[in-house]
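K.L.:
Sending over a structure as structure tokens; questions will come in a sec.
The values are calculated or read from the model by the stated rules, or taken from the named source; none is laboratory data. Just so it is clear, the model here is predicted, and its values are computed rather than measured. Backbone-built Cβ (ideal geometry, glycine too); neighbour counts: all protein chains shown.
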């Protein structure tokens, strides 16, 4: 459905159809499918706020990440900041519209490793030792911030590794977890480790955005006002997410943190 300048779009509850109308620049319209991931609960909640803003075609898709954006399978995505930087450095036409929320990532270590400084000379298994690998990049950033060069750690690459199992079996000395995975790990009776970095609680991480709303440069250029509206309403979804979580103390909170998009 297309709307004229100044008019509110009408949402189709059956199809969740939403169209963006740029009232400041007629013709700036889009039907943005949003890629979903573990950190996207606020984007799901933001759907009704996006409808209030004039979006009339909201599509949630599993085709996320940089590839989903570049291939045109999604217009907006919540993305981990280092992922955006790596993509830009690699020449991908993506851009961060703005930060969405603080993070929820945690790095776990066995009891014999008191802090990240004690990881020197130890073994950490990762699925890839590249900047676009979320676990490796976050652990590397955490190590550098603690004064440990990643080259001082024995990173072992196993593409198909079950990283949680290797940590529990004592074969890897660090484990990166986020969102519901981190919460579930705390309740795992086999877990004898402890958190050595908590992104939600420790400075400077707790004062920084973890995920950002990201799009392609072409989509942003074609839909500048729509992009601003999407960011504002997605942030509103995050605030609603926090309200829902705090009002339900008996349930596991919906913790936001790392895709996307900005």
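K.L.:
Quick check: is even one residue across region 102-113 part of a loop (DSSP other than H, G, I, E, B) and under 14 Å from residue 216 (Cα atoms)?
P.N.:
The answer is no, given that none of the residues of region 102-113 is part of a loop (DSSP other than H, G, I, E, B) and under 14 Å from residue 216 (Cα atoms).
K.L.:
Of the residues in region 45-100, how many are part of a loop (DSSP other than H, G, I, E, B) and either over 28 Å from residue 207 (Cα atoms) or out of contact with any helix residue (DSSP H, G or I) (no Cβ under 9 Å at 6 or more places or on another chain) (or both)?
P.N.:
Residues that pass the stated criteria total 13.
K.L.:
Right, next: When you scan region 105-112, do you find a residue that is surrounded by 14 or more Cβ atoms within 10 Å (Cβ to Cβ), more than 15 Å from the chain's Cα centre (by Cα) and more than 28 Å from residue 191 (Cα to Cα), even just one?
P.N.:
Checking region 105-112: not a single residue is surrounded by 14 or more Cβ atoms within 10 Å (Cβ to Cβ), more than 15 Å from the chain's Cα centre (by Cα) and more than 28 Å from residue 191 (Cα to Cα).
K.L.:
Identify the residue in region 175-211 that is in contact with a helix residue (DSSP H, G or I) (Cβ under 6 Å, 6 or more places away or on another chain) and buried (at least 19 other Cβ atoms within 10 Å of the Cβ) and, among all such residues, is farthest from residue 117 (Cα to Cα).
P.N.:
That would be 177.
K.L.:
May I pose another question? Go through region 145-184 residue by residue and tally those that are farther than 24 Å from residue 120 by Cβ and in contact with a strand residue (DSSP E or B) (Cβ under 8 Å, 6 or more places away or on another chain).
P.N.:
Adding up the residues that qualify gives 2.
K.L.:
Now a separate question. What's the number of the condition residue 217 fails, among (1) closer than 25 Å to residue 94 by Cβ; (2) at pLDDT 90 or above; (3) in contact with a helix residue (DSSP H, G or I) (Cβ under 9 Å, 6 or more places away or on another chain)?
P.N.:
Among (1) closer than 25 Å to residue 94 by Cβ; (2) at pLDDT 90 or above; (3) in contact with a helix residue (DSSP H, G or I) (Cβ under 9 Å, 6 or more places away or on another chain), the lone unmet condition for residue 217 is (3).
K.L.:
OK, next. Give the residue, chosen from 220, 166, that is outside the structural domain of residue 92 (by TED's automatic domain parsing) and either under 22 Å from the mean Cα position of the chain (by Cα) or in a helix (DSSP H, G or I) (or both).
P.N.:
Answer to the selection: 166.
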